[in-house]
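Below is one structure, written out as structure tokens; comments come after it.
The values are calculated or read from the model by the stated rules, or taken from the named source; none is laboratory data. This is a predicted model, so every value here is computed, not measured. Cβ atoms come from the backbone with ideal geometry, glycine included; neighbour counts cover every protein chain shown. Surface accessibility is based on the protein's heavy atoms, side chains included, excluding ligands, DNA and RNA. Shrake-Rupley method; radii C 1.70, N 1.55, O 1.52, S 1.80 Å.
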Amino acid sequence: MLKIGIIGAGTVGTALSLALSKRGYPVIAVYSRTPASAQRLAGQVNSALISSKGSCQVKDSGQEVIEAADLVFVTTPDDAVAPVVAQLKWRPGKSVVHCSGAASLDILQPARQAGASAGAFHPLQTFASIAQAIENIPGSTFGIEADSSLIETLKAMATAMGGQWVELKGGDKVLYHAAAVIACNYFVTLVKMATDLWQEFGVSTPEATKALLPLIQGTVNNLKQVGLPDCLTGPIARGDMGTLKKHLEALEKQAPTLASTYKELGLQTIPISLARGKITAQRAEEMRSLFKGK
């Protein structure tokens, strides 16, 4: 089994270390610019360790991690990965992997030039805290880009953590990450927009969030169980022009800053409704005209 090292003891580094160590991968070395973070990670790994292949030790430098481990995950903030990798000495027989969603293997080029294998292993997951990251990372999808000598190793790691993987090329990474931002970060923005509307009739953000969560969870369940496009419900799915007109009138009067977003999302939703097969092409065009203000 490859010996794993970690440079960067933040949220992703901690969650990944625990997930791997619990599945028999020996995480044996960690370094962080913040010694307390490295000590915390090592302590958590050692407490959870089910392998007899040794314990996790805190190292005084990233170079010491490289010397101790076969495969090194650089889990620093994305902008720090390239300079960290560039200042270390790599050699054949070593592997380096970053966990950035948007960056390709280019940021690991100094290590590759020195003969090390390089890879990217991005957990397609949301990590609001270390505790949430530890809970969420098992079962996630992992975006993988890697040299041929490393690709199967990373796929096996994803599988071991109960997850699935998607193999990416360098040119795929930015769109892959943009899709993640739309599905995750902008989803939060949409919920914020919805709770803002509830404040118009006197309901606070926490109360509105609590009220909307069952609807949100039902939508996620529909996505999982029914899938696109059949999971789409609501007035656009039905072609309900009267309701849509009422929405727009109310938004333009009471929340004009949200009206344009509602219209743009409506335009993006019409093709889903058409694919679902519940509206006619004529009704779709009527809705487009409504949203475009024609």
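A compact table of results
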read-out	value
Elements of type helices (runs of 4 or more DSSP H) contained in segment 185-259, each with 3 or more residues being open to solvent by 30 Å² or more (accessible area, probe 1.4 Å)	186-199, 205-225, 241-254
Where a residue in segment 103-114 is surrounded by fewer than 16 Cβ atoms within 10 Å (Cβ to Cβ) and its partner, wherever it lies, is at pLDDT below 95 and of a type outside the set (A, V, I, L, M, F, W, C), with Cβ under 8 Å and at least six apart	Asp106/Gly170
Test: residue in segment 14-24 that is surrounded by fewer than 19 Cβ atoms within 10 Å (Cβ to Cβ), out of contact with any Ser or Thr (no Cβ under 7 Å at 6 or more places or on another chain), part of a helix (DSSP H, G or I) and not small (Gly, Ala, Ser)	no
First in segment 223-243 and touching a residue at least 60 places away in the same chain (Cβ under 8 Å), second anywhere and surrounded by 16 or more Cβ atoms within 10 Å (Cβ to Cβ) and part of a loop (DSSP other than H, G, I, E, B), Cβ under 8 Å, 6 or more apart	none
Meets criteria (more than 26 Å from the chain's Cα centre (by Cα) and of a type outside the set (A, V, I, L, M)) for Glu67	yes
Members of segment 53-68 found to be more than 10 Å from Val30 (Cα to Cα), in a loop (DSSP other than H, G, I, E, B) and open to solvent by 50 Å² or more (accessible area, probe 1.4 Å), listed by number	Lys53, Ser55
Cβ-Cβ under 8 Å pairs, at least 6 apart or on other chains, segment 205-220 side within 17 Å of Thr233 (Cβ to Cβ), far side surrounded by 13 or more Cβ atoms within 10 Å (Cβ to Cβ) and among the small types (Gly, Ala, Ser)	Leu212/Ala194
Segment 115-143, subset in a loop (DSSP other than H, G, I, E, B) and open to solvent by less than 40 Å² (accessible area, probe 1.4 Å), residue nearest to Leu2 (Cα to Cα)	Ala116
Positions within segment 69-83 being open to solvent by 20 Å² or more (accessible area, probe 1.4 Å) and farther than 20 Å from His177 by Cβ, in sequence order	Asp70, Pro83
Residue in segment 41-55 that is farther than 22 Å from Ala19 by Cβ and either in contact with a Gly (Cβ under 8 Å, 6 or more places away or on another chain) or at pLDDT 95 or above (or both) present	no
Within segment 148-184, considering residues that are of a type in the set (Val, Ile, Thr) and open to solvent by 50 Å² or more (accessible area, probe 1.4 Å), the one nearest to the chain's Cα centre (by Cα)	Ile182
Condition check for Ile6: over 12 Å from Ala133 (Cβ atoms), touching a residue at least 60 places away in the same chain (Cβ under 8 Å) and in contact with a strand residue (DSSP E or B) (Cβ under 8 Å, 6 or more places away or on another chain)	yes
Identity of the residue in segment 263-292, part of a loop (DSSP other than H, G, I, E, B) and either touching a residue at least 12 places away in the same chain (Cβ under 8 Å) or under 15 Å from Thr243 (Cα atoms) (or both), that ends up most open to solvent (accessible area, probe 1.4 Å)	Lys278
